[in-house]
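A quick write-up on the structure given underneath.
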Amino acid sequence: MEKSELLQKIEELLSFDGNKIEINPVYLEYFTLEELDNLLKELQSRHENMVGENREWMKGFVSEKDGDTQPLSGSGESEM
């Protein structure tokens, strides 16, 4: 994979929240292909972890048996 392709994939991962992230292509001169590849792999790993954590959180929030929302324990609200 070429540096420009890696940079494009890195931009896509950084733009996950809907905000377009653009990295100045001049930086390609400063990074090796290996460094960009390692950065991409690290971002992919973090993205996968974030997706997994969100999935686990949703399982705790939504009852799988009936689809009703359940209160979160320890949500910071005091019980009276």
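Key figures for this structure:
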item	result
Qualifying residue in the stretch 21-32 (condition: touching a helix residue (DSSP H, G or I) at 6+ places or on another chain (Cβ under 8 Å), modelled with pLDDT of 90 or more and exposed (fewer than 11 other Cβ atoms within 10 Å of the Cβ))	yes
Sole exception among (1) loosely packed, with under 15 Cβ neighbours inside 10 Å; (2) in contact with a helix residue (DSSP H, G or I) (Cβ under 9 Å, 6 or more places away or on another chain) for LYS9, by number	(1)
Residue count for the stretch 3-43, restricted to those that are of a type outside the set (Gly, Ala, Ser), without any contact (Cβ under 8 Å) to a residue 12 or more places away in the chain and assigned to a loop (DSSP other than H, G, I, E, B)	8
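The values are calculated or read from the model by the stated rules, or taken from the named source; none is laboratory data. Remember, predicted model here, so these are calculated numbers, not experimental data. Don't worry about glycine lacking a Cβ; one is built from the backbone with ideal geometry, like all the others, and counts go over all protein chains shown.
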